[in-house]
Amino acid sequence: MLKLSCASCTAPLEVEGDLGYFTCDYCGTAQIIERSGVAIPAPKAETDLKAVQRATARTAAELAIPRLTKELTEAELARAGILLAAKAKLESAKRARRTYAQITFGVVFVLGLLTIPDIDGVMGTVLAYAWLAALIAAPIWVYTRAWLPVDNGREATAAIDARITQIEEHLRVNRSMLDTLPV
C-alpha cells in the first residue's frame, strides 16, 4: 500500500502499490502514479506497446521482401545453371556417340576396300555382302552401346526446388503481413 495525497484536493489516500493510475475517492480526479520519473498509464502503455509491435512486424516484413526476392532469384539461377550443365553434358555425350559411330563406319569401310578387291569368286561376293552388312551393323551397334549420362536434373535440383518453395512461402507470408498491418 502506498500513502499518497490527492494532487487536486490534497486528501490522504491509500493505493495498492501495483496500480498505474487511480481515482481520488473524495474529489473523483483521475491520477497517474509516477515511478522512476516516468508517468505512463497502464492501458496507454499496452496500446503503445502493441503499436510498436505492429510497426516492428511491418518493418521486418518490408525488409524481408527484397532479401527474399534476391534469394529467390539466386536459387532460380542456380537451378537453371544445374539444368543447363546437365543438358550440356548430355549433348556432349550424344555428339561423342555419333562420332564413335562415324569412326566405326569409316574403319569398316576402309578395311573392306583394302581386303575385298583382292578376293575373287564366290568368296569375294560373300565377303562383299558381309562388308555391306558390317557397314550398317557395326556403327549401329557402337551407337547403341555408347554410354549416355543419366538425366538426373530432377534429383540435382530437388534441394533447390524445396528452397524455392520455402522462399516463395516466406514471401507470401510477408506480403500478406504488409497487406493486413496498418501503416
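Values for this structure:
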quantity	calculated
Whole-percent carbon and sulfur share, accessible surface of the stretch 55-141, 1.4 Å	72
Highest-MSF residue in the chain out of 171, 90, 135 [GNM, Cα springs under 10 Å]	135
Projected area averaged over orientations for the stretch 128-183, convex hull of C-alpha atoms, nm²	6.2
Residues of type aspartates and glutamates that residue 94 reaches as a straight line, Cα spacing below 15 Å, ignoring anything fewer than 8 places off in the same chain	151
Net charge of neighbours whose Cβ lies under 15 Å from the Cβ of residue 99, counting Lys and Arg as +1 and Asp and Glu as -1	+4
Rel. contact order, % - alpha carbon contacts under 8 angstrom, at least six apart, the chain	25
Per-selection Rg to Rh, the chain - Cα, Kirkwood hydrodynamic radius	1.67
All aspartates and glutamates inside 19 Å of residue 3 as judged from Cα atoms, apart from same-chain residues fewer than 8 positions distant	14, 16, 18, 25, 34
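The values are calculated or read from the model by the stated rules, or taken from the named source; none is laboratory data. Remember, predicted model here, so these are calculated numbers, not experimental data. With ideal geometry, Cβ positions are generated from the backbone for all residues, glycine too; neighbour counts draw on all protein chains shown. Keep in mind that these areas ignore ligands, DNA and RNA; they rest on the heavy atoms of the full protein, side chains included. Shrake-Rupley method; radii C 1.70, N 1.55, O 1.52, S 1.80 Å.
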